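I have placed the structure first, in the form of structure tokens, so that the comments after it can refer back to it.
The values are calculated or read from the model by the stated rules, or taken from the named source; none is laboratory data. Small disclaimer: the values here were computed from a predicted structure and weren't measured. Note that each Cβ is placed from the backbone with ideal geometry, even for glycine, and that neighbours are counted across all protein chains shown. Accessible surface is based on the protein model in full, side chains and every heavy atom, while ligands, DNA and RNA are left aside. Shrake-Rupley method; radii C 1.70, N 1.55, O 1.52, S 1.80 Å.
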Amino acid sequence: MQQGDVLVIVAILIYFIVVITIGFIYAKRSNSSASEYFLGGRKVGPWFTALSAEASDMSGYLLMGLPGLAYFSGAADVGWTAIGLAIGTYLNWRLVARRLRRYSVVANDSITLPGFYSNRFHDEKNIVGTIAAIIILIFFCVYCGSCFVTCGRLFNALFGWDYSVMMVFGALIVFMYTMIGGYLSVVATDFVQGTLMFFALAIVVIGSITMAGGVDATVAFLSDIPGYLSMTSMAVPALDEAGTQMVQGGAPVFDIPAEYGLLTIISTMSWGLGYFGMPQVLVRFMGIRSDSEVKQSRIIAIVWVVISMFCAVMIGLIGRYLIPTELLTQSSAETIFIVLSQMMLPSFICGLVVSGILAASMSSASSYLLITGSSVAENIFRGVFKKDATDDQVLIVSRITLAAVLLFGILVAWDENSVIFTVVSYAWAGLGASFGPLTLFSLYWRRTTKQGAIAGMIAGASMVLIWHNLIKPLGGVFGIYELLPAFLFGCLAIVVVSLLTKEPSDEIKHEFDHYMDGVGAKRNMDVVLEGGMPADGIAEPATTYPEGRKSKEE
């Protein structure tokens, strides 16, 4: 092993030690109750909330998926996807964050997303929460797999180490600090990881531009590739039978560019709709210390997302100019960030920068594990099978679930040729269509019924599977991203079924009006006035409930 490799390993080990240490720091506090373990007691400040939400959301596709797509097929597909995600991020923070923070408290102090859905509709049999937990379990197993792919591919690209061994190693590290420290450790490590991801992207994009000799030379080279820099057509690499891009005269070969019309643009931008249903983001809204701090958190999150995605896309495009013929499959193209880091940075700094990839995948995987564990333990185990379960029993079931999801995610990630962008897009559509319409209608439409909520989730999830596997292969107008038709179908199902079923009870209507009137503002003022705490300190908020509703402890 060369000295440079040793320094890279040292930097990565420092990163591992930091995240595991954070897990132990928060272990005692997090394990004091289910509320602390699953939601941090709603005591997280705006900076931690913003960076945790975005770092857990972006996962490995920010540093590998997006740059790889840009490298392989140019600006159009990745550009419109990034624009859609940026708009979706803003709208989610603007339309959902403050309302969900308030309503989750009013709805019996809900500490999980499925729990909020059940409490919102006073679902005594917990049918809504159970269905939501099952959907989370299915799609988050796939999501975890995509994160583990990132870990294995990173070490394989850096050192040539066995992909499977390193994939399992990364998965176990995530499992360890998530199991030990719960929500607070996940949020704290996400803050560290989000900061690391941001600076890693900035360093590599600046270094790439410098190495390329400026933007002009890069643009001149890429402009000669048919459709590569266009936003209305997409470059099409010419592939051989093995799926490898052909090279001729030392240059990559491209076919006639594919048209990127209005329907394709709308389809690609529909990625942004997924945010309304992403549990890993929505639970951050529920856990923020005060809804009065949502605006500050929103600004931080938007700035982080826009700059990070811009850098990720630029790395892929500039990478095609710097090493045009080295990464000739879509799977290998996703290592462009790693390859450029090795080319331009001293070994130790390279180790710190590529730790940003671990940060991206691990922050997401830890959130997926925690949310899945909390949903199964709180909403299926305690909500259905053992309603008198203690917090200790719930935490045990949660950790068993973490282990089960870990194993399934490893199975999903076992194929080292998995394309991260493709894996993520499928799970993103499933979650977005299942929960996005329900979240919006729960917060904005008083007439939404329990039956409508169930119909919306089932319709959205089913349509993703049907469209992706049966309709999308037909091509043409049917080739759009499955999230868009599934999201619209879920909305339609909620409206139709809600109107055909009995109106919500007076108690549910009263609770909705109570939340809409902003009665939760008193609780927010209590938080601000009681503490005199620092910007991201820990407060002990007083909780108030609408008349006729009690906390879980009562």
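Of the residues screened, Ile471 is one that is open to solvent by 30 Å² or more (accessible area, probe 1.4 Å) and modelled with pLDDT of 85 or more.
Set side by side, the residues Thr49, Thr21, Thr81 differ, and just one is more than 19 Å from the chain's Cα centre (by Cα) and either modelled with pLDDT of 80 or more or assigned to a helix (DSSP H, G or I) (or both), which is Thr21. Among the residues of the stretch 106-124, those that are closer than 15 Å to Val384 by Cβ, crowded, with 24+ Cβ neighbours inside 10 Å and at pLDDT below 90 comprise Thr112, Pro114, Gly115. Is it fair to say Val142 is open to solvent by 20 Å² or more (accessible area, probe 1.4 Å), farther than 22 Å from Phe285 by Cβ and modelled with pLDDT of 80 or more? Criteria not met by Val142. I'd like to know if the stretch 275-293 contains one or more residues that are more than 23 Å from Leu483 (Cβ to Cβ), over 16 Å from the mean Cα position of the chain (by Cα) and β-branched (Val, Ile, Thr). Checked the stretch 275-293: at least one residue is more than 23 Å from Leu483 (Cβ to Cβ), over 16 Å from the mean Cα position of the chain (by Cα) and β-branched (Val, Ile, Thr). Evaluation of Ala238 against the conditions (1) open to solvent by 20 Å² or more (accessible area, probe 1.4 Å); (2) out of contact with any helix residue (DSSP H, G or I) (no Cβ under 7 Å at 6 or more places or on another chain); (3) modelled with pLDDT of 85 or more shows that the sole unmet condition is (1).
Can you confirm whether the stretch 170-177 contains a residue that is outside any helix (DSSP H, G or I), open to solvent by 20 Å² or more (accessible area, probe 1.4 Å) and over 25 Å from Leu7 (Cβ atoms)? No. The condition (being under 19 Å from Val376 (Cβ atoms) and among the small types (Gly, Ala, Ser)) is satisfied by just one residue among Gly88, Gly145, Gly160: Gly145.
Put simply, of Thr335, Thr325 the only residue that is polar (S, T, N, Q), in contact (Cβ under 8 Å) with a residue 40 or more places away in the chain and in contact with a strand residue (DSSP E or B) (Cβ under 7 Å, 6 or more places away or on another chain) is Thr325.
Residues checked against (1) in contact with a Cys (Cβ under 9 Å, 6 or more places away or on another chain); (2) open to solvent by less than 20 Å² (accessible area, probe 1.4 Å); (3) under 30 Å from Ile318 (Cβ atoms); (4) small (Gly, Ala, Ser):
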{"position": "Val149", "(1), (2), (3), (4)": "no, yes, yes, no"}
{"position": "Asn156", "(1), (2), (3), (4)": "no, no, yes, no"}
{"position": "Ser164", "(1), (2), (3), (4)": "no, no, no, yes"}
{"position": "Gln193", "(1), (2), (3), (4)": "no, yes, yes, no"}
{"position": "Val204", "(1), (2), (3), (4)": "yes, yes, yes, no"}
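If you go through the stretch 69-105 and keep only what is closer than 22 Å to Phe276 by Cβ and aromatic (Phe, Trp, Tyr), you end up with Trp80, Tyr90, Trp93, Tyr103.
Out of all the residues in the stretch 479-512, which are more than 25 Å from the chain's Cα centre (by Cα) and either closer than 18 Å to Met269 by Cβ or not in a helix (DSSP H, G or I) (or both)? Across the stretch 479-512, the qualifying residues are Thr501, Lys502, Glu503, Pro504, Ser505. Is the stretch 319-337 home to any residue that is aliphatic (A, V, I, L, M) and in contact with a Gly (Cβ under 7 Å, 6 or more places away or on another chain)? Yes, there is a match, as at least one residue in the stretch 319-337 is aliphatic (A, V, I, L, M) and in contact with a Gly (Cβ under 7 Å, 6 or more places away or on another chain). Applying the condition of being free of Cβ contacts under 8 Å to residues at least 24 places away in the same chain and either open to solvent by less than 30 Å² (accessible area, probe 1.4 Å) or in a loop (DSSP other than H, G, I, E, B) (or both) to the stretch 247-259 and asking which residue is nearest to Leu488 (Cα to Cα) yields Val253. Considered as a group, the residues in the stretch 387-408 that are assigned to a loop (DSSP other than H, G, I, E, B) and closer than 20 Å to Tyr117 by Cβ include one that is most open to solvent (accessible area, probe 1.4 Å), and that residue is Lys387.
Per-residue answers, yes or no, for (1) modelled with pLDDT under 95; (2) of a type in the set (S, T, N, Q); (3) touching a Phe, Trp or Tyr at 6+ places or on another chain (Cβ under 9 Å); (4) loosely packed, with under 13 Cβ neighbours inside 10 Å:
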{"position": "Thr448", "(1), (2), (3), (4)": "no, yes, yes, no"}
{"position": "Ala453", "(1), (2), (3), (4)": "no, no, yes, no"}
{"position": "Ile458", "(1), (2), (3), (4)": "no, no, no, no"}
{"position": "Ala461", "(1), (2), (3), (4)": "yes, no, yes, no"}
{"position": "Leu465", "(1), (2), (3), (4)": "yes, no, no, no"}
{"position": "Gly475", "(1), (2), (3), (4)": "yes, no, no, yes"}
{"position": "Gly479", "(1), (2), (3), (4)": "yes, no, no, no"}
{"position": "Leu488", "(1), (2), (3), (4)": "no, no, no, no"}
{"position": "Ser498", "(1), (2), (3), (4)": "no, yes, yes, no"}
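Give me the residue from the stretch 1-18 that is modelled with pLDDT under 80 and farther than 15 Å from Leu358 by Cβ and, out of that set, least open to solvent (accessible area, probe 1.4 Å). Only one residue tops the list, namely Gly4. Of all residues in the stretch 52-78, those that are surrounded by fewer than 24 Cβ atoms within 10 Å (Cβ to Cβ) and not in a helix (DSSP H, G or I) total 0. Looking at Ser434, is it out of contact with any Cys (no Cβ under 9 Å at 6 or more places or on another chain), more than 23 Å from Pro279 (Cα to Cα) and open to solvent by less than 20 Å² (accessible area, probe 1.4 Å)? No, not satisfied. Residues satisfying the criterion are absent from the stretch 277-286 (criterion: touching a Gly at 6+ places or on another chain (Cβ under 8 Å), surrounded by fewer than 24 Cβ atoms within 10 Å (Cβ to Cβ) and not polar (S, T, N, Q)).
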